[in-house]
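The values are calculated or read from the model by the stated rules, or taken from the named source; none is laboratory data. Bear in mind the structure is a predicted one, so any value in this text is a computation, not a measurement. Note: ideal-geometry Cβ built from the backbone for every residue, glycine included; neighbour counts use all protein chains shown.
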Amino acid sequence: MAKDTGPQCKHCRRENMKLFLKGERCFTDKCSYERRPYRAGQHGQGRIKPSDYSIRLREKQKVRSLYGVMERQFRRYVKMADMQKGVTGENLLRILERRLDNVVYSMGFAKTRADARQLVRHNHVVVNGKRVNIPSYLTTPGDDVTLRQRSQKLTRVDAALEFSKSLETVAWIEVDQDKRVGKIKSMPDRESVTIPIREQLIVEFYSR
């Protein structure tokens, strides 16, 4: 399976905003973006006038980095969103939010989406009573998401739950953190995505 194995902080610096890819570190003085809020490299602090293509490309890359999705899969999500009723950009964000790794992260069981993806891959997550080890699995309203019985006492999960108490919860997921159980109440809405995203630019990028 293809994945991004490079440094994560470079994405925040490249997009000129915090994407919170390193979890707890992003809220400390060790955050690379706080120390060097400009692009990496020799010419990182130079002035560049972005073209229309560059603006749309960067928006697409930002969302890919945020959700940890590779290009081929992201392109498929855009096609899925375009085939659905409604606004294509909002449909795309709704698909990304429903990914199982993002749901596990939103429930507070992991500090980052990358950690959540690993929990899913290592068979720690159960959906409707069945183990699911596919991070891209799309949840639907009514789904029960929990951790396996022997996985509920993992130190990393306890640390993530403690860390998540300081974060904003999402309205479309109901979570009982003591029992390590969550339920998908409804489809995610546009307001559930708190990081600034201009999804229309992504649609325009793939429509060119």
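If the condition is being part of a helix (DSSP H, G or I) and under 14 Å from Y137 (Cβ atoms), then the range 81-104 contributes I95, L96, E97, R98, L100, D101, N102, V103, V104. The requirement of being more than 15 Å from I173 (Cα to Cα) and either assigned by TED's automatic domain parsing to the domain that holds S65 or in contact (Cβ under 8 Å) with a residue 24 or more places away in the chain (or both) is satisfied by G86. All conditions in (1) more than 16 Å from G68 (Cβ to Cβ); (2) of a type in the set (V, I, T); (3) not assigned by TED's automatic domain parsing to the domain that holds D52 hold for V103, with the sole exception of (1). Considered as a group, the residues in the range 65-105 that are of a type in the set (G, A, S) and over 13 Å from the mean Cα position of the chain (by Cα) include one that is surrounded by the most Cβ atoms within 10 Å (Cβ to Cβ), and that residue is A81. The set of residues in the range 178-190 being over 18 Å from R99 (Cβ atoms) and surrounded by fewer than 18 Cβ atoms within 10 Å (Cβ to Cβ) consists of D178, K179, V181.
Number of residues in the range 158-179 that are closer than 18 Å to V127 by Cβ and polar (S, T, N, Q) equals 1.
Matching residues to (1) small (G, A, S); (2) closer than 23 Å to L66 by Cα:
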{"site": "A110", "(1), (2)": "yes, yes"}
{"site": "R113", "(1), (2)": "no, yes"}
{"site": "N128", "(1), (2)": "no, no"}
{"site": "N133", "(1), (2)": "no, yes"}
{"site": "Q149", "(1), (2)": "no, no"}
{"site": "L154", "(1), (2)": "no, no"}
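One residue is enough: does the range 103-122 have a residue meeting the conditions out of contact with any helix residue (DSSP H, G or I) (no Cβ under 7 Å at 6 or more places or on another chain) and among the hydroxyl-bearing types (S, T, Y)? Yes: the range 103-122 contains one or more residues that are out of contact with any helix residue (DSSP H, G or I) (no Cβ under 7 Å at 6 or more places or on another chain) and among the hydroxyl-bearing types (S, T, Y). Here V78 meets each of (1) of a type outside the set (S, T, N, Q); (2) touching a strand residue (DSSP E or B) at 6+ places or on another chain (Cβ under 9 Å); (3) in a helix (DSSP H, G or I) with one exception, condition (2). In this structure, K111 does not qualify as more than 19 Å from the chain's Cα centre (by Cα), more than 25 Å from Q84 (Cβ to Cβ) and of a type outside the set (S, T, Y).
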